[in-house]
Amino acid sequence: MMATRAEEGPRLPGAGERVLQGSSRWGVLPFLGPAFIACVAYMDPGNFATNIAGGSKFGFTLLWVIVASNLMAMLIQTLSAKLGIATGRNLPEVCRERFSRRTSIGLWIQAELIAMATDLAEFLGAAVGIKLLLGIALFPAAVITGVITFLILGLQRYGFRPLEAVITAFVAVIGICYLGEIWIVHPALGEVAKHAVLPEFKGNESVLLAVGILGATVMPHVIYLHSALTQHRIVPRNDDEAKTLYRYTRIDVLIAMVIAGLINMSMLVIAATVFFGSGLTNVESLEGAHRTLQPLLGGASSVLFALALTASGLSSSTVGTMSGQVVMQGFIQRQIPLFVRRFVTMIPAFIVIGIGLDPSRTLVISQVVLSFGIPFALIPLVIFTSRRDVMGVLVNHRLTIAAAVVVATIISGLNIFLLGQTFGLLG
């Protein structure tokens, strides 16, 4: 299986090839990058809104939910990356090859709708961040957002490394901003450690919010994308190299997702310390959080918040556009220029801004739409990575299959529950 793939794929990058052959001391470095692009989806503007709401309403209580959701995300992103390594195909391509044409077209249509909803939230989040950072109106902030994302996407013509470097830099900016916020607020670290591992709730509303955090853990578009990021990046020539590559890929996922998890925990910890600790339990909008931080902690904290939100929105919006391209190419073997896709996916955001809808409310609604697509990406991923005829030596072990089935069931079930609550179908 691997020998055929090596003939079809591009030549191995020098450093990566030498590591796989055991003749280089570069170690894990040539393999870092794909998971850092994928992890951006786990700290997008939607996460900002959810974590701020959780911290302001219930203090540190729901920290354990973020820890649990991050562990689930690690497993899912590892499976996605492994699919790309083992097959040389991304998840949409495998679906097209294994399912009927009618099913593939149906999956493509829902995936495109989900990608548009995702991009709407992330683009709006970036525009709100720039608005808060520069003190300008939302419409010119959205124009600036569009220009910057076009520039970032333009880096793809120079290969994968420049784009990975820019996205990683955005992740670093978000992390540094929240590290600065943590330094300013001085949270009770003992309480943080306790609630990170102690499952508990405070009434029915906290249960529903926990479902929201857990249910929106895995983003379908980034499941599709991660498999595409690993499918041709470094191509193993045999089974031993595939196993070695997969081992390094797991390290990439572990590092990136730990960073994402710590940033998400920081969001909730800061909201809990500042808002809940001051009796401000109804801070739910991004603009409200920014406005409230300044009088409580000073101008530096609100600037750091706006900068982190901007970096989050710009990076996740770029990743969302890339995911849309993977979805179209994989499911129906069609492709449009990346810049055309970027332009088209910007239109809904400008419509929302033009008619005066509340950006934070629109962001929440888009997350509900996003929930529809999770089972359509997650269930095929678990099925395919558990089949030896698809994965070869990288097929899931029995324990991995059991864990993946549990995670897929929990996440899909929670999303159905959350949708039912949202539309009033459940009591």
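Taking +1 at the Cβ of each Lys and Arg and -1 at the Cβ of each Asp and Glu, which of S56, A169, G106 sits farthest along the dipole of the chain towards its positive end, judged by Cα position relative to the Cα centre?
So the residue furthest toward the plus end is G106.
Once Lys and Arg get +1 and Asp and Glu get -1 on their Cβ, which of G392, A196, V94 lies farthest toward the positive end of the dipole of the chain?
After comparing all options, I get G392.
Give, rounded to the nearest 20 debye, the magnitude of the charge dipole that the range 88-232 has about its Cα centre when Lys and Arg contribute +1 at Cβ and Asp and Glu contribute -1 at Cβ.
On the way: 10 positive and 10 negative charges, 99 e Å.
It works out to roughly 480 debye.
Any idea how far apart I410 and K202 come out in nm if each label point goes 7 Å out from Cα toward Cβ?
With each label point 7 Å from Cα toward Cβ, the separation is 2.3 nm.
What percent of all Cα-Cα pairs in the chain falls in each 20 Å bin, counting up from 0?
Result, from short to long distances: 27, 59, 14, 0 percent.
Students often check this: by mean Cβ neighbours within 10 Å, which of 116-122, 220-226 ranks highest, and how do the rest follow?
Values: 116-122: 26.1, 220-226: 28.6.
Going by the mean number of other Cβ atoms within 10 Å, highest first, we get 220-226, 116-122.
Let me spell out the model: positive unit charges on the Cβ of Lys and Arg, negative unit charges on the Cβ of Asp and Glu, origin at the Cα centre of the chain. What dipole size does that give, in debye rounded to 20?
Working: 29 positive and 22 negative charges, 182 e Å.
So the dipole magnitude of the chain works out to roughly 880 debye.
Once you have the Cα-Cα distance between V147 and H186, take 0.36 nm times their residue separation minus that, and quote the gain in nm to one decimal. Could the numbers behind the result be given before it?
Working: separation 39, 0.36 × 39 = 14.04 nm, distance 3.70 nm.
Full extension of this stretch gives 10.3 nm more.
For the ranges 229-239, 185-195, what's the packing order if you count other beta-carbon atoms within 10 Å of each residue, average per peptide, and put the highest first? Kindly include the intermediate steps, with their values, before the conclusion.
Values: 229-239: 21.5, 185-195: 14.5.
Highest-to-lowest ranking by the protection proxy: 229-239, 185-195.
Please give the Cα centre distance for the range 36-110 versus the range 311-327, rounded to the nearest Å.
13
For the charge dipole of the chain, defined by +1 on Lys and Arg C-beta atoms and -1 on Asp and Glu C-beta atoms about the Cα centroid, which residue among I130, V274, I347 has the Cα displaced farthest towards the positive pole?
Positive-most Cα among the choices belongs to I347.
Restricting to lysine pairs 8 or more places apart or on different chains, what number in the range 2-422 have Cα atoms under 20 Å apart? Before the final figure, lay out the partial values.
Working: K57/K194; K57/K202; K82/K243; K194/K202.
Taking the Cα cut-off of 20 Å, the pair count is 4.
Could I get the Rg over Rh figure for the range 323-389? Both from C-alpha atoms, Rh via Kirkwood, rounded to two places.
Values: Rg = 16.2 Å, Rh = 14.7 Å.
Result: Rg/Rh = 1.10.
Read-outs: derived from the displayed coordinates by stated rules, not from any lab. From a predicted model like this one, the values you see are computed outputs, not experimental measurements. Because the Cβ atoms are built from the backbone with ideal geometry, glycine has one as well, and the counts that use them run over all protein chains shown.
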